[in-house]
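Working notes for the structure below.
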Amino acid sequence: MEPQLVIIALALAALVGVSLGLLGGGGSILTVPILTYVLGMDPREAIAASLFIVGVTSLVGMISHARAGRVRWRTGLIFGLAGMAGAFAGGVIGGYIPGAILMILFAVMMIVTATAMIRGRKTKATQPGDEPAEHKPAVLRILLDGFGVGIATGLVGAGGGFLVVPALNLLGGLPMAIAIGTSLLVIAMKSFAGLGGYLLSTQVQWPIVLAFTGIAILGSFVGVALAGRIPEKALRKAFGIFVLVMGAFVLFQELPPLIASLFPA
């Protein structure tokens, strides 16, 4: 592995931390492509490494959000426990799926989620003077959403912010700033569960992973400092556009070689 590529990857790790701290997601969206395309890791190894990096960084970033009152512990813990079960199962399954297929699934999930985020959540019209009420989803709904998101994110190695934030915001009805803070708790729980599943069949280069994690944590402090200062609608749309661009990039990188291998000239 060339030293200059390692330096570039570690510099980009700061962006991973900023993304997690500011948006409550996006860490894996950046981490998996960086480890795969910059450092040349096998997709399965990159996915496993990203779960550790994103999990630890999310845990640190969550502490600052919690101090600011932007974490809903009950919803986050229920969602996270269901997600851990799904993520472990997804991690075990993902360890035996070809890397190219995993990356394409990763991209498709990003594009679908980005579209939902850009469109936003439909809300009922309110009468003048009405106070907006925070929707409290049923426990069963939280469990089902958490388990489903857990399988998906464990399978493709995403910490899940780009799925957890929309689930908490669009389905759970949490305000965007609170959904972001709560998502970090969920991401940390699911990431470690998914990592456990992957480590049954995948090796990780720990020195690089630990260095990447340390720099990402520093970046997360910058992101947390910016969180809550940006209007919710603008933040949601910016998040969606970012995820859409990254999904299209990964799809552009992975789909042509797969098609060429399936239909050789």
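None of the figures in this text is laboratory data; all of them are computed from the coordinates on show. All figures in this text were calculated on a predicted structure; none of them were measured in a lab. All Cβ positions, glycine included, derive from the backbone under ideal geometry; neighbour counts span all protein chains shown.
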For this session: Translational diffusion coefficient, Stokes-Einstein: compute it for segment 1-85 using the Kirkwood radius over C-alpha pairs as Rh, at 25 °C and 0.890 mPa s, and state it as an integer in µm² s⁻¹.
Result: 176
Exercise. Taking Rh as the Kirkwood radius, which is the inverse of the mean 1/r over Cα pairs, what is the Rg/Rh value for the chain?
Worked result: 0.98
Problem set entry | Equivalent ellipsoid semi-axes - Cα gyration tensor, segment 166-265, angstrom | 30, 22, 15
Seminar exercise, completed: Each label sits 7 Å from Cα toward the beta-carbon; between ALA238 and GLN205 the label points are separated, in nm, by 3.3
Exercise. Using helices alone, what [θ] at 222 nm do you get for the chain, with -39,500 (n - 2.57) per DSSP H run of 4 or more residues, divided over all residues and rounded to the nearest 500?
Worked result: -25000 deg cm²/dmol
For this session: Quick one: Debye curve from the alpha-carbon atoms of segment 47-114 only, equal weights, vacuum; give me log10 I(q)/I(0) at q = 0.17, 0.18 Å⁻¹ to two decimals.
Result: -0.85, -0.93
For this session: Order these peptides, 182-190, 206-214, 241-249, by their mean beta-carbon neighbour count within 10 angstrom, highest first.
Result: 182-190, 241-249, 206-214
For this session: Please give the helix 139-156 orientation as an angle from the longest Cα principal axis of the chain, in degrees from 0 to 90, rounded to the nearest 10.
Result: 20
For this session: Grab the other residues whose beta carbon is less than 11 angstrom from that of ALA82, score K and R as +1, D and E as -1, and report the net.
Result: +1
Exercise. Counting alpha carbon pairs within less than 8 Å and at least 6 residues apart, what relative contact order, in whole percent, applies to the chain?
Worked result: 39
